[in-house]
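Chemist: My questions will all concern the structure given below.
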């Protein structure tokens, strides 16, 4: 159990898990759905074919997309086509093809079906992770 998870009176608290923490990909993979849903930033996990497998409640709420409509959908063609470019999707494709680590943070603007929204994206991928992740921090 990661040290930043505590159980208090039957409730799960996720402490000190921040957007910029070291090795966050490994931490995310140890969290239950309830713990992922308690995070205050968006988490999207997807497999090597780009199919969404992890989608937390925060991201669902702010993006206005239900879990049922996102899980098993193609991230870059159906869910977030505004990320289907050389700045995001291509970096994942290159990392997966090379079986290399990707951990990059960037300023970005989300534009699909919403007013353009400035965010920070953290792109995570690596051969030791089950999924690749886009983590989204809104200010």
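Chemist: Mind checking which residues of the range 28-39 are over 11 Å from the mean Cα position of the chain (by Cα), within 15 Å of residue 130 (Cα to Cα) and surrounded by 18 or more Cβ atoms within 10 Å (Cβ to Cβ)?
Modeler: 31
Chemist: Tell me whether the range 110-119 contains one or more residues that are buried (at least 17 other Cβ atoms within 10 Å of the Cβ), touching a helix residue (DSSP H, G or I) at 6+ places or on another chain (Cβ under 7 Å) and in a strand (DSSP E or B).
Modeler: So far as the range 110-119 goes, yes, one or more of its residues are buried (at least 17 other Cβ atoms within 10 Å of the Cβ), touching a helix residue (DSSP H, G or I) at 6+ places or on another chain (Cβ under 7 Å) and in a strand (DSSP E or B).
Chemist: To continue, here is another question. Among (1) modelled with pLDDT under 95; (2) assigned to a loop (DSSP other than H, G, I, E, B); (3) under 14 Å from the mean Cα position of the chain (by Cα), where does residue 2 come up short?
Modeler: So the condition that residue 2 fails would be (3).
Chemist: Something else about it: Can you tell me which residue in the range 40-50 is surrounded by the fewest Cβ atoms within 10 Å (Cβ to Cβ), limited to those that are touching a strand residue (DSSP E or B) at 6+ places or on another chain (Cβ under 6 Å) and on the phi < 0 side of the Ramachandran plot?
Modeler: Checking each candidate, the answer is 47.
Chemist: May I ask you to list the residues in the range 68-78 that are touching a strand residue (DSSP E or B) at 6+ places or on another chain (Cβ under 8 Å), in a helix (DSSP H, G or I) and loosely packed, with under 15 Cβ neighbours inside 10 Å?
Modeler: Result: no residue meets the conditions.
Okay, residues lined up against (1) in contact with a strand residue (DSSP E or B) (Cβ under 8 Å, 6 or more places away or on another chain); (2) at pLDDT 95 or above; (3) part of a strand (DSSP E or B); (4) under 18 Å from residue 64 (Cβ atoms):
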{"residue": "87", "(1), (2), (3), (4)": "yes, yes, no, no"}
{"residue": "91", "(1), (2), (3), (4)": "yes, yes, no, no"}
{"residue": "96", "(1), (2), (3), (4)": "yes, yes, no, no"}
{"residue": "105", "(1), (2), (3), (4)": "yes, yes, yes, no"}
{"residue": "124", "(1), (2), (3), (4)": "yes, yes, yes, no"}
{"residue": "127", "(1), (2), (3), (4)": "no, yes, no, no"}
{"residue": "133", "(1), (2), (3), (4)": "yes, yes, yes, no"}
{"residue": "136", "(1), (2), (3), (4)": "yes, yes, yes, yes"}
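Chemist: I want to confirm something. Restricting to the range 8-24 and keeping residues that are assigned to a strand (DSSP E or B) and touching a helix residue (DSSP H, G or I) at 6+ places or on another chain (Cβ under 7 Å), which single residue is modelled with the lowest pLDDT?
Modeler: Top of the filtered list is 12.
The values are calculated or read from the model by the stated rules, or taken from the named source; none is laboratory data. Every value quoted in this text rests on a predicted model; they were computed, and no experiment measured them. Cβ coordinates were reconstructed from backbone atoms using ideal geometry, including for glycine residues, and neighbour counts include every protein chain displayed.
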